[in-house]
Amino acid sequence: MARVLVTRVLPDGGLDPLVAAGHEIVQRSDDTPLTHDDLLRAVVDVDAVVCLLTDRVDEAVLAAGAAGRLQVVANVAVGYDNIDTTAARRLGIAVCNTPGVLDETTADLAFLLILAASRLAWEAESDLRGGRWHGWGVNQYLGRDVHGAVLGLVGYGRIGAAVARRAAGFGMTVLHHTRHDTGVAGYIAELDTLLAEADIVSLHVPLTESTRHLIGRSELALMGPHAVLVNTARGPVVDEEALADALHAGDIFAAGIDVYEGEPEIHPRLLSAPRAVLLPHVGSATLATRAKMAQMACDGVCAVLDGAVPANLVPA
Ligand code: GLV
């Protein structure tokens with residue numbers, strides 16, 4: 001029997017694989033985040049950690065675990081930029097994530113933001129709730145059509161492809177850009193070309209050193225005043241201040257944003273920006289999907305503790 005630290009309360013059923021395997025689960029009764037110091041202390045006598053994207057599992061945490069008996073860290077998220085995978089590899093600690101189970105749910109949310117931002121849904125709704133709507137007007141809340149528009153996907157993994165399937169139902173022309181040619185129709189080799197041609201740009205890349213601030217001032221300028229930007233990937237992929245400036249200046253039409261550079265802090269000029277729909281990182285937030293993500297992370301832990309190679313092992 002192994003000891004498994006679970007850093008937060010997981011959705012119902014999420015811990016089932018650990019329970020079925022008979023592992024000891026170390027979990028606090030309250031659901032407050034562990035501080036970095038708490039995490040450093042908590043990893044010294046466990047075999048595995050199940051953590052969330054809000055836990056910073058850096059080299060110090062991994063080294064503290066490796067000095068004890070830590071074998072595996074499993075992130076209840078598909079993105080794992082919160083874990084120092086280079087240090088993990090060096091220290092012989094496996095890292096798992098949750099690929100596949102959240103694609104459709106996250107694509108739904110991306111499409112929600114495509115629609116809500118393009119049709120100025122937040123502005124219209126907040127005027128109504130705030131008592132500022134005084135009757136129908138022919139020139140009110142004039143958004144941009146989603147049907148028939150050109151959708152530019154930056155990144156074309158499982159989630160990007162799931163957004164493309166939804167776009168087909170809206171009669172959109174779908175372009176996509178990745179570093180390597182996908183061989184799929186709509187592939188655009190140059191990011192700048194895609195940004196210039198798309199009406200709506202949706203981001204589906206992981207956060208790495210090469211995607212940090214992939215969308216900055218010059219990229220937003222290429223998109224132009226008719227364009228809509230949607231980010232359900234990771235906040236730092238977009239220069240948030242540049243985005244806020246572009247929205248205030250009318251350099252792009254609208255934005256639908258689910259992720260932020262310094263979560264949970266949001267750039268104040270983004271909060272005050274017009275034509276922005278801002279959600280609190282809820283891309284995968286459905287009951288069914290969050291439970292599947294938790295189970296998948298725990299499955300990965302069980303496999304590593306069994307000496308097997310888990311299907312959701314982050315490649316070295
Ligand atoms: C959520 O953002 C995830 O990476 O799963």
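The values are calculated or read from the model by the stated rules, or taken from the named source; none is laboratory data. A quick note: this is a predicted structure, and the numbers were derived from the prediction, not measured. In this analysis, Cβ positions are derived from the backbone assuming ideal geometry, glycine residues included, and neighbour counts consider all displayed protein chains. Please note that ligands, DNA and RNA were not included when accessible areas were found on the heavy atoms of the full protein model with its side chains. Shrake-Rupley method; radii C 1.70, N 1.55, O 1.52, S 1.80 Å.
Of note, Leu102 does not satisfy the criterion of being away from the ligand (no atom under 14 Å from the Cβ) and under 24 Å from Pro206 (Cβ atoms). Can you pull out the residues in region 90-126 that are in a loop (DSSP other than H, G, I, E, B) and hydroxyl-bearing (Ser, Thr, Tyr)? The one that is in a loop (DSSP other than H, G, I, E, B) and hydroxyl-bearing (Ser, Thr, Tyr): Thr98. For region 225-244, a residue qualifies if it is open to solvent by 10 Å² or more (accessible area, probe 1.4 Å) and not in a helix (DSSP H, G or I), and the qualifying residues are Pro225, His226, Thr232, Ala233, Arg234, Asp239.
A single entry from Leu247, Leu142 fulfils the requirement of being open to solvent by less than 40 Å² (accessible area, probe 1.4 Å) and in the same structural domain as Val259 (by TED's automatic domain parsing): Leu247.
Within region 113-139, the residues that satisfy the criterion of being free of Cβ contacts under 8 Å to residues at least 60 places away in the same chain and either open to solvent by 60 Å² or more (accessible area, probe 1.4 Å) or under 29 Å from Pro206 (Cβ atoms) (or both) are Leu115, Arg119, Glu125, Leu128, Arg129, Arg132, Trp133, His134, Trp136, Val138, Asn139.
The residue that is nearest to Ala74 (Cα to Cα), counting only those in region 285-299 that are in contact with a strand residue (DSSP E or B) (Cβ under 9 Å, 6 or more places away or on another chain) and more than 14 Å from the ligand (Cβ to nearest atom), is Cys298.
The residue list Val228, Val238, Val205 contains one member that is within 15 Å of Val150 (Cα to Cα) and in the same structural domain as Gly143 (by TED's automatic domain parsing), which is Val228. Looking at Val228, is it hydrophobic (A, V, I, L, M, F, W, C) and within 16 Å of the chain's Cα centre (by Cα)? Answer is no for this residue.
Could you tell me which residue of region 52-89 is most open to solvent (accessible area, probe 1.4 Å), considering only residues that are within 16 Å of the ligand (Cβ to nearest atom) and not in a loop (DSSP other than H, G, I, E, B)? Selected residue: Thr85.
Within region 39-51, the set of residues being hydrophobic (A, V, I, L, M, F, W, C) and in a helix (DSSP H, G or I) comprises Leu39, Leu40, Ala42, Val43, Val44. Pairing residues of region 266-285 that are at positive phi with residues that are part of a strand (DSSP E or B) and away from the ligand (no atom under 15 Å from the Cβ), at Cβ distances under 6 Å and at least 6 apart in sequence or on separate chains, gives Arg275/Ala254.
Looking for something of a type in the set (S, T, N, Q) and open to solvent by 30 Å² or more (accessible area, probe 1.4 Å) - is there at least one such residue anywhere in region 1-18? No: region 1-18 contains no residue that is of a type in the set (S, T, N, Q) and open to solvent by 30 Å² or more (accessible area, probe 1.4 Å). Could you check region 257-310 and list, in sequence order, the residues that are more than 21 Å from Asn82 (Cβ to Cβ), assigned to a loop (DSSP other than H, G, I, E, B) and aliphatic (A, V, I, L, M)? Scanning region 257-310 gives Ala273, Ala308, Val309. Being within 16 Å of the ligand (Cβ to nearest atom), open to solvent by 50 Å² or more (accessible area, probe 1.4 Å) and either within 21 Å of Arg212 (Cβ to Cβ) or among the basic types (Lys, Arg) (or both) is the requirement here; does Glu263 meet it? Here the answer is yes, as Glu263 does meet what is asked.
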